[in-house]
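Trainee: Just passing along the structure, written as structure tokens.
The values are calculated or read from the model by the stated rules, or taken from the named source; none is laboratory data. In this text, all values refer to a predicted model and were calculated from it rather than measured experimentally. Don't worry about glycine lacking a Cβ; one is built from the backbone with ideal geometry, like all the others, and counts go over all protein chains shown.
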Amino acid sequence: MFFSLQKIIGLLIAYKYAIIFPVAVIEGPAISIIAGYLGQSGYLNVFFVYVLIVLGDMFGDTIYYAIGRFGGLYFIKRWNHILNYTTRKNL
């Protein structure tokens, strides 16, 4: 873990809404719990946090899906010597 819980809460209190969307793109569920707690405590607006979390999580999931859908086979072919991934066609 790169940051402790206290550092994450400190960053959210300091930067408020500017940091919620980028972090939600990377890790949506964890930041939603922390931001929800801060919203319930009165540090953040719960409804604005909800909108940012949903948009950030959907954006991140769309990016991850697109990487897997359109770049998955290329990724496997390029990095297979490290990953040692094998495919079976007749399952």
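Trainee: Answer yes or no: is there a residue in the stretch 57-64 that is surrounded by 18 or more Cβ atoms within 10 Å (Cβ to Cβ) and either part of a helix (DSSP H, G or I) or of a type in the set (Phe, Trp, Tyr) (or both).
Mentor: Within the stretch 57-64 (the criterion being surrounded by 18 or more Cβ atoms within 10 Å (Cβ to Cβ) and either part of a helix (DSSP H, G or I) or of a type in the set (Phe, Trp, Tyr) (or both)), the answer is yes, since at least one residue qualifies.
Trainee: Taking the stated definitions as given, is Ala30 on the phi < 0 side of the Ramachandran plot, under 13 Å from the mean Cα position of the chain (by Cα) and either exposed (fewer than 11 other Cβ atoms within 10 Å of the Cβ) or assigned to a helix (DSSP H, G or I) (or both)?
Mentor: Yes: the conditions hold for Ala30.
Trainee: Using the structure shown, decide if Ile13 is touching a Leu at 6+ places or on another chain (Cβ under 9 Å), in a helix (DSSP H, G or I) and closer than 30 Å to Phe75 by Cβ.
Mentor: no
Trainee: What's the number of the condition Ala18 fails, among (1) part of a helix (DSSP H, G or I); (2) surrounded by 13 or more Cβ atoms within 10 Å (Cβ to Cβ)?
Mentor: Single failed check for Ala18: (2).
Trainee: Consider Leu12 against the criteria (1) modelled with pLDDT under 90; (2) farther than 21 Å from Tyr64 by Cβ; (3) surrounded by fewer than 16 Cβ atoms within 10 Å (Cβ to Cβ): it satisfies all of them except one. Which criterion is unmet?
Mentor: Failed condition: (3).
Trainee: Still on this structure, please answer the following. Quick check on the stretch 19-34. Is at least one of its residues at pLDDT 90 or above and of a type in the set (Asp, Glu)?
Mentor: no
Trainee: Under 6 Å by Cβ, and 6 or more places apart or on different chains, what pairs join a residue from the stretch 60-71 that is touching a residue at least 12 places away in the same chain (Cβ under 8 Å) with one that is surrounded by 11 or more Cβ atoms within 10 Å (Cβ to Cβ) and of a type outside the set (Gly, Ala, Ser)?
Mentor: These pairs meet every condition: Gly60/Val25.
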